[in-house]
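Read-outs throughout are calculated quantities, based only on the coordinates presented, and are distinct from any laboratory measurement. Bear in mind that the values here come from a model prediction, so they are computed numbers and not experimental data. Cβ: placed from backbone, ideal geometry, glycine included. Neighbour counts: every protein chain shown.
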Amino acid sequence: MTITAARADAPAGVVTPTVRRALRRWLFWIVVAVLLVAFAAVYGLTTRTASEANRFDADEAAPAGSRALVQVLGEQGIDVVVASTLDEALAAVDDPGATTLVAADPRAVLTAEQWQRLDGAAASVIVIEPPALAVGALAAEVAPGIPVIDAVRDEAGCSVPAAQRAGSITADGVALDASAAAGAEACFTGSEGSGLVTLEQPGGEGALHLLGASAVVQNGFLGVQGNAALALGLAGEHPILVWYVASPADLAGGDTPLSELYPGWVNPVAWLALTVGLAAAIWRGRRLGPVVIENLPVVVRTTETMEGRARLYATSGARLRALDALRVGTLRRLADGLALGSAAGVDDIVAAVAGITGRDLTGLRALLVDREPRDDGELVRLSDELLELERQVRRRVALDDRADGASP
Amino acid sequence: MAITGWFVALVALGVVPVVVLESGWAYVGWVALCLVLMTVDAALAASPRAAVLERSGPDRVRLTEQVDVTLLVTNGSRRRLRGVIRDAWEPSAGISPRRQRLDVPAGERRAVRSVLRPWRRGERRAAMVTIRAIGPMRLAGRQASILVPGAIRVLPEFAARRHLPSRLARLRELDGRTSIMVRGQGTEFDSLREYVRGDDVRSIDWRATARRAGGPGPAGSPAPTLMVRTWRPERDRHVVVIVDSGRTAAARIADETRLDTAFESTLLLSALADRAGDRVDVAVFDRRVRGRVQGARGADLLAKLVDTMAPIDPELLETDWTAVPALVRSMTSQRSLVVLCTPLESPGSTRQLLAMLPQLSRKHLVLVAAVTDPALLSAAEDRSDRASVYRAAAAERAMLDAQRVAAAVQRLGGDVVTAAPLELPPAVADRYLAYKAAGRL
């Protein structure tokens, strides 16, 4: 017998869409995805976010960078050299007498020894936001700074010409305490400390400017107050400017990049492993046709009401009620076992049981009717006694039956 | 589109050129080569859409039995169709194997055989057939799912049929065909036949014996042939079975819903009553008649019954018992045995049944066949700790409720059979035989 004979050559029978139909169906989402990716790429290229790592960078256009200052100095005829390692910076100084060296270390990669090499490197050395190591190496008497934000200093309060010209500045950055240093000029001093400390370089000719108020060289603050005046005045003092921001390449022993430590095929093989994993996922993940659904009938467990009632008894401590239920069951089975019939009352059953077991009538009545359990332990004991009574009666009845069967 | 494990292996093989050339371009080139090979291979595979599929196989199977189904695949394309095929049935149809290899040369036809072992009653459907055709390089393939409708009706198991021979033997004993020839209530005269040794002397019909001998003969003439009367139980009675398929029938006891137990009981009773010469009418009812078999006899009866019962699942509705008397009236006008297959649980859920019962019991003999739960008995006996004592108390309470309902049914003129799921069908059959023997039908 044949169930059905279906010919599948009609296109209506095929559930799986053709490649073209699938593409058309997904066209909207493909377009949306492509647009999203394009938008993200364009957005990422145009607005580089100001990350902390690129602070003071000569090519960084974000508010935390210093591109504006360097560009302005270049337009003013200053010869600007940008260096990213200490060796590079020192090598760029051809004529120390006519050079300003600006050094910043936002990633805190330089060691005290490296800072010491800046001593006497140029006629004017400016350290932007000097870390504790730099202060300790170059100006031991100056106490390293504490961070300052949202601070404006209205008066230079010192004899440094550039500071006097600037007037008021944004002092965000770190504040330095130069009170213990002899011969140091502390400018823009507030309650936290000074924004600029100028002193002689310890081991040579030339001035050392510790510029704690780092905001004055950043793009975001260059246009406000006298920031530009101070920054241009300090950095444009000499015809040559070496702008040095320390990079990870300054790390001790960082000469060999990580990529030279392992063979060249490791990266491509990692990519290949990723591709193999992807291919394997597609291979195992492609199922052979859709899942077939089936409506299953509802399944109800019969004991649910019983379990619920048992928990109700237990939580509300209905011991007497529970025991009575057990007693009724026992009485019914006893009555059946003793063939007393359904009309037998409790007293008849108790009397009959006492007769067959020889137990005390009052004790039996207490067990089967009267006694009230005070706690759960007593309930369990009573229930065990009921079971024991049932067993005893069953045994006696069986013995009697055998005796009856044997006697005639 | 689908790729194979060989394609994954091919991609992994790219580690050789990448390591030898030590270059990222080797990686890019290898992946591009793999993609090209994959596309070419998929394009060279035979189109699964061009396959012509036909099903054949039986349309009925009894639960727990297995049946072979065949799928004929004709390759309509000009390439060799090689790959994997999956015949997707509903999970409970129990098809095996789930997927099979397929290799059909161009323009030829092959049979794909599988076995169905359904584990659920009802109408089981085949949703679709999925073919994945693999290309000649075995790297990639094309896949399509094709709707090929098919269905098989899974009939109730009727496991209770093993009780049938013993009950039929008892029926024959009741019947005049054996030598028990005691006249009782509810028996009717069947025939006269010659006495054979072993017959009860009380059944000798002296008047017929005299007639046969042609009057009192002379003494010493050969002994006249003694005639005995045989009796047989009354026939052509009417048995009406109402199976409750409402909310309470959905409960599952010992791996079988109450409805399935009711079906088993109905099938055994029907088979027995039909052999006994009675008419059997069955209706499955909750708030409407879900299935009805009337006026069928013999082999036709059982076939119709299982066919009607197969797709019926319990509904989560309260059974409307007030409509049952009218239903019974529409099925029979004479006095009948009305069997109600429904659980007797708590007084609350059986109030409607109890209210309706006098209307039926006034005219008919009413038997309520109820399944009891063996879990209740075992729970009542377990008193090992505090929680189980409370559970035992709840179980005793539930059994007491059921007994009260049964007593109420008996007071209202009905009769009650309760038993565990496996024992209920023979218990109902035995009660029917008892009625038959006592002539209460």
Checking understanding here: applying a Kyte-Doolittle mean of at least 0.5 and a length along the axis of at least 24 Å (C-alpha), which whole DSSP H helices in chain B pass? B:24-44
Just want to confirm a number: the relative contact order over the stretch A:24-142, from Cα pairs under 8 angstrom separated by 6+ residues, in percent. 17 percent
The stretch A:52-250: antiparallel DSSP beta bridges as a percent of all, rounded to 5: 45 percent
Which peptide among B:105-111, B:52-58 comes first, and what is the full order, when sorted by highest mean count of other Cβ atoms within 10 Å? B:52-58, B:105-111
What does the charge add up to near A:Val127, with Lys and Arg as +1, Asp and Glu as -1, over the other residues with Cβ less than 12 Å from its Cβ? -3
Cysteines, the protein assembly as shown, no other Cys beta-carbon under 4.7 Å: B:Cys34, B:Cys341
Other chains near B:379-390: what is the mean number of their Cβ atoms within 10 Å of each residue's Cβ? 6
Count the net charge of all other residues whose Cβ sits under 14 Å from the Cβ of B:Arg120, scoring Lys and Arg as +1 and Asp and Glu as -1. -2
Mind giving me the FRET efficiency for B:Arg125 and B:Arg411? R0 is 51 Å, r the Cβ-Cβ distance, nearest 0.05 is fine. 0.60
With a 10 Å cut-off between alpha carbons and a GNM built on chain B, which of B:Val409, B:Val371, B:Val36 moves the most? B:Val36
Assigned charges on the beta-carbon of Lys, Arg, Asp, Glu; the stretch A:306-406 dipole about Cα centre (debye): 200 debye
GluC sites (Glu not before Pro) in the stretch A:84-180 lying in a DSSP loop, each with at most 16 other Cβ atoms within 10 Å of its Cβ, come to A:Glu141, A:Glu155
Relative to chain A, whose Cα atoms define the longest principal axis, helix A:346-357 and its Cα axis are tilted in degrees, nearest 10, by 80 degrees
Cα centre as origin, Lys/Arg/Asp/Glu Cβ charges: chain A dipole, Debye: 3880 debye
Working note, the protein assembly as shown: Cα radius of gyration (Å, one decimal) and Dmax (Å, whole number) are 49.9, 173
How about the stretch A:259-353: which GluC sites (Glu not before Pro) there lie in a loop by DSSP and see at most 14 other Cβ atoms within 10 Å? none
Between B:Val289 and B:Ala420, what is the label-to-label distance in nm when each label sits 7 Å out along the Cα-to-Cβ direction? 3.7 nm
What is the average number of partner chain Cβ atoms found within 10 Å of a Cβ in B:123-130? 4
Within chain B, percent of DSSP bridges classed antiparallel, to nearest 5: 70 percent
HN-Hα couplings for the stretch A:182-193 via Karplus (6.51, -1.76, 1.60; θ = phi - 60°), in whole Hz with x for Gly/Pro, come out as 7, x, 9, 9, 9, 10, 6, 8, x, 5, 7, x
Shielding of B:366-375 by partner chains, average beta-carbon count, 10 Å: 1
Looking at the protein assembly as shown, send over the antiparallel percent of its DSSP beta bridges, to the nearest 5. 60 percent
Only sites in a loop by DSSP and with at most 15 other Cβ atoms within 10 Å count here; which trypsin sites (Lys or Arg not before Pro) in the stretch A:14-93 make the cut? A:Arg48
Any idea what the relative contact order of the stretch B:266-420 is, in percent, if you count C-alpha pairs under 8 Å spaced at least 6 apart? 20 percent
Counting alpha carbon pairs within less than 8 Å and at least 6 residues apart, what relative contact order, in whole percent, applies to chain B? 13 percent
Gap in Å between the Cα centre of the stretch A:64-81 and the Cα centre of the stretch B:1-72? 62 Å
Once every DSSP H run of n ≥ 4 in chain A is given -39500 (n - 2.57) and the sum is divided by its residues, what mean residue ellipticity at 222 nm do you get, rounded to the nearest 500 deg cm²/dmol? -13500 deg cm²/dmol
Which distance in Å, rounded to a whole number, links the C-alpha centroids of the stretch B:260-339 and the stretch B:392-438? 19 Å
